[in-house]
Amino acid sequence: MAAPLTGRRAYFCCLFLVLASGFLGWLLERGREDILPAGDLDRLPLKIGDWSGEDIPVSARDRAILGTDNLLLRLYRQGDRFLYLYILECSSNRASFHPPKYCYVGGRTEMVERGQKSVEWAGGMVPAHRMVFLGPRGKSLVYYWYTYGETILGDYYRQQLLIIGNILLGEPRPALLVRVSVEGAFDPEIGDEMVADFARSLLPALEQYLLKSDQATDY
């Protein structure tokens, strides 16, 4: 059995942990400086394929809760079909950032399906999370995934490790959460088709307007 720490050893261990935590926090904060300046998400066109978008205002309160001004919320329409696109710049030192499943669960909203379903486009397959919620205003079908540089990921924790690792290397890159949702009364299979159709046009637009070109995409 290991010997208990003496008072001096315990003091130096605690001091080391405090200093190490402070240094890591400084690195993370340093890596947050203007990786993707606020407003850059607006470069994404309102017209994506056959879908036409309109911006939805986000209140100052919601921006404060999310800890960033760098977010985009839009309604996209194709004929009588519509869905929502939400993009958020995210990083490892934003305590308020969390996966979308936590935004929906609560109150009178219930998650009834949860899994993964790849989204196909000309560049390959994107590993997306897929969830269905039931609430007072009907169904919510939600797809979401993450990006880091040009890397598209389905795993939040892998994204955070990439963020931290590249900050430590002095090479921070933009990191995004991308969420597409269909809301209201609809057949989930129809919702899946809508998301798939929209994503085939969205992903090339993301690659062209928002993602960096100095790192290969990982599907």
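Full-extension gain between Arg114 and Leu168, please, as 0.36 nm times their residue separation minus the C-alpha to C-alpha distance.
16.0 nm
I want to check the label-to-label distance for Asp50 and Asp80. Put each point 7 Å from Cα in the C-beta direction and report it in nm to one decimal.
1.5 nm
Quick note: the coordinates plus some simple rules give every number you see, no bench work behind them. Predicted model, so just to flag it, every value in this text is computed and none were measured. A quick note on method: Cβ atoms are made from the backbone with ideal geometry, for glycine too, and the neighbour counts reach across all protein chains shown.
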